[in-house]
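Before any comments, here is the structure.
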Amino acid sequence: MAEFKSGFVAILGRTNVGKSTLVNLLVGEKVAATADKVQTTRTAIKGIANRENSQIIFIDTPGIHKPKTKLNETMVETSFGVINEIDLILFVIEATSKDIGKGDMKILEKIRESKKKTILIINKIDLVKKEELLHLIDIYQKEYNFEAVIPISSLKEKYKNIILDEIEKNLKPGPAYYSVEEYTDQTLRQLAEEIIREKALKFLKDEVPHGIYVEIDKMKFRKNQKGENLYDIEATIYCLRNSHKGIIIGKDGKMLKAIGQAARIDMERNFGTKVNLKTWVKVKEDWQDDASIIKKFKLQ
Ligand SMILES: Nc1nc2c(ncn2[C@@H]2O[C@H](COP(=O)(O)OP(=O)(O)OP(=O)(O)O)[C@@H](O)[C@H]2O)c(=O)[nH]1
Ligand SMILES: [Mg+2]
């Protein structure tokens, strides 16, 4: 029988290239929020893939970008901090890139410094022609000795095992660090926060979603009248300005209702229970520079 393997794998890349979408695909569960907006992921999140002969622990990281607030700085520090703790890197780039931009160059430098084994993932190949892809592969292969270069689309299930097999090849024998029933290190509270924030990102536009964070004020388990498992959850969505608060609540409370409903559906699927969700919106100016709040985004 093949020897059991395990290892920690960091997913690194610029913001919005599809890192969290990829982690969710590889794990087979939704562990990280995804959105068509930049800076969706705010801290390192673990997702676990349990296979017959291996356990792979993925660490999704905030996308690399130019920091403007303390929160942004912390996010980028967290991403690069993860490199020291892992066995393998998945460096995710976008197939639509014509060249190696500043952000990707910075990531390449950090990878070179670390000398870690790295697999280059070229994501979103559905958006380009094959010739463009070959050029990109060529220029990246000149920069680093990658263990493999895999062009994929994170939206397609068929790439899942191709990537997992390649990762498994590059791991060393080791034990399962987590119970095989687990697929993330996040608590239910953290998952609930992430799900609400994802829905807010989905429904809100412009700068509003970037200025929010979610806190679960209460999460209590009980049986309902039908004897079903149920969580009563109360959450607050914090935002930067009064005008944002109005937008998040929406006309006649419609926006907040839509966010809450979509979040509840996801939570019920994720938790396997009924969910009774109540949400509030509060203003907290400058929280993105408040050390006591952003400490929760730091690498633990
Ligand atoms: N067309 C296409 N879109 C994709 C693909 N993979 C991801 N996306 C989309 O790209 C957007 C960003 O995806 P995320 O997974 O949130 O990106 P991320 O790299 O985690 O972003 P940050 O957390 O901000 O760093 C979402 O709208 C995804 O649906 C792909 O293969 N093809
Ligand atoms: Mg992400």
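The values are calculated or read from the model by the stated rules, or taken from the named source; none is laboratory data. Worth saying up front: this structure is predicted, and the values here are computed from it rather than measured. FYI the Cβ positions are ideal-geometry reconstructions off the backbone, even for glycines, and counts take in every protein chain you see. Ligands, DNA and RNA are stripped out before the accessible areas are found, and what is left, the full protein with its side chains, is counted by its heavy atoms. Shrake-Rupley method; radii C 1.70, N 1.55, O 1.52, S 1.80 Å.
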* Asked: What pairs come up if the first residue lies in the range 255-271 and is β-branched (Val, Ile, Thr), the second is open to solvent by less than 30 Å² (accessible area, probe 1.4 Å) and assigned to a helix (DSSP H, G or I), and their beta carbons are under 9 Å apart, counting only those six or more places apart or on different chains?
  -> 259/196; 259/199; 259/200; 259/248
* Asked: Which ones in the range 66-81 are outside any helix (DSSP H, G or I) and away from ligand 1 (no atom under 14 Å from the Cβ)?
  -> 68, 69
* Structure fact -> Per the filter on the range 27-72, residues open to solvent by less than 30 Å² (accessible area, probe 1.4 Å) and of a type in the set (Lys, Arg) are 42
* Asked: Of all residues in the range 5-42, which are hydroxyl-bearing (Ser, Thr, Tyr) and either modelled with pLDDT under 95 or within 8 Å of ligand 1 (Cβ to nearest atom) (or both)?
  -> 15, 20, 21, 34, 40, 41
* To do: Could you grab me the full set of residues in the range 221-244 that are touching a Gly at 6+ places or on another chain (Cβ under 7 Å) and not in a helix (DSSP H, G or I)?
  => 239, 240
* Asked: Is it true that residue 168 is among the acidic types (Asp, Glu), assigned to a helix (DSSP H, G or I), modelled with pLDDT of 95 or more and closer than 22 Å to residue 264 by Cβ?
  -> no
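One line per residue, one yes/no per condition, for (1) touching a Gly at 6+ places or on another chain (Cβ under 6 Å); (2) in a helix (DSSP H, G or I); (3) farther than 24 Å from residue 76 by Cα:
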site: 89; (1), (2), (3): no, no, no
site: 96; (1), (2), (3): no, no, no
site: 105; (1), (2), (3): no, yes, no
site: 108; (1), (2), (3): no, yes, no
site: 118; (1), (2), (3): no, no, no
site: 121; (1), (2), (3): no, no, no
site: 134; (1), (2), (3): no, yes, yes
site: 137; (1), (2), (3): no, yes, yes
site: 158; (1), (2), (3): no, yes, yes
* Which strands (runs of 3 or more DSSP E) sit wholly inside the range 1-65 and have at least 3 residues that are touching a residue at least 24 places away in the same chain (Cβ under 8 Å) and in contact with a helix residue (DSSP H, G or I) (Cβ under 6 Å, 6 or more places away or on another chain)? -> 5-13, 54-60
* Asked: Considering the range 274-299 alone, what residues qualify as being surrounded by fewer than 18 Cβ atoms within 10 Å (Cβ to Cβ) and either in a helix (DSSP H, G or I) or among the hydroxyl-bearing types (Ser, Thr, Tyr) (or both)?
  -> 289, 291, 292, 293, 295, 296
* Asked: What is the number of the single condition among (1) in a helix (DSSP H, G or I); (2) modelled with pLDDT of 95 or more that residue 84 does not meet?
  -> (2)
